[in-house]
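Read-outs throughout are calculated quantities, based only on the coordinates presented, and are distinct from any laboratory measurement. Since the model is a prediction, treat every value here as computed from it, not as a measurement. Cβ atoms come from the backbone with ideal geometry, glycine included; neighbour counts cover every protein chain shown.
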Amino acid sequence: MNPYFFFNAMSVIQSYIYENDTRNSTKFLVNFSRLMRLILENSPKEFIPIQTEEEILQKYLETQKLRFEDRFEFEINVSPEIVTEHAMIPPMITQPFIENAIEHGQLHTIEGGFIHVTMVKQDGMLQITIEDNGIGRKSSEQNKKSSTHRSMAMQITSDRIDNLNKKYKTDGKLVVEDFNKKLETGTKVLISLPYKEETPLTAAL
């Protein structure tokens, strides 16, 4: 996670305090503190339950939405056939792309901005789709910092998928394309991972 997120979060809390906005400062702190605990507890693990990953994304997106004063909407949809308590996922594998959509895709500046995260089980694989209607890759690449951040996120995620493919003999992949191909706006990310389940007994061993 980008360190600037933490600095920006502290600035938001500080501004709420200066404005004596007790309601929003409390809401922001509750989300932020829970998010930090989840990250610290789960980031070192190879896999975590999708249920936990869903909560991390929920808290992260709620925190970002508060930070940008509700300037975008989000949805996280997990297919009913996935048992979120048992199905496993590498921690925070989607977060860099969500962060990129909000920060570098300038989702917070788009009228009717949205980000959608979908997880489905298909052919023995976990298929994750991340869609947003931000300014798109072409426009954001004009910003050198944005381009570098995206390249790093893609390389790190690609390496994680390659390692899983070698370990589980699968054919996972990462595909990034424009959400609106005609206008070259928004971004659509497909992450394909081996579908893995663990019962509480297995997970405890």
Dipole magnitude of the chain, debye to nearest 20 (Cβ charges: Lys/Arg +1, Asp/Glu -1, about Cα centre) | 520
With helices defined as uninterrupted DSSP H runs, which ones in the chain have an alpha carbon span along their own long axis of at least 20 Å and mean Kyte-Doolittle hydropathy of at least 0.0?
-> 3-18
Among the listed pairs Lys65/Lys167; Lys27/Lys138; Lys27/Lys173; Lys27/Lys167; Lys121/Lys167, which are separated by more than 31 Å between their Cα atoms?
-> Lys65/Lys167; Lys27/Lys138; Lys27/Lys173; Lys27/Lys167
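How would you order 96-109, 46-59 from highest to lowest mean count of nearby Cβ atoms within 10 Å?
By packing density, highest mean first, the sequence is 96-109, 46-59.
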Residue farthest toward the positive end of the dipole of the chain, with Cβ of Lys/Arg at +1 and Asp/Glu at -1: which of Thr157, Gln95, Phe114?
-> Thr157
Any idea what the relative contact order of the chain is, in percent, if you count C-alpha pairs under 8 Å spaced at least 6 apart?
-> 18
For Lys167, what charge total do you get from the other residues with a beta carbon under 12 Å from its beta carbon, if Lys and Arg give +1 and Asp and Glu give -1?
-> +2
Quick one: net charge of Gln127's neighbours, Cβ under 14 Å, K/R +1, D/E -1?
-> 0
Can you give the charge dipole size of region 117-199 about its Cα centre, rounded to the nearest 20 debye, using +1 on the beta carbon of Lys and Arg and -1 on the beta carbon of Asp and Glu?
-> 240
Could you pull the Rg and Dmax for region 50-177, using just the Cα atoms, both in Å?
-> 15.1, 44
Sum -39500 (n - 2.57) across every DSSP H segment of at least 4 residues in the chain, then divide by the residue count to get the 222 nm mean residue ellipticity, nearest 500.
-> -15500 deg cm²/dmol
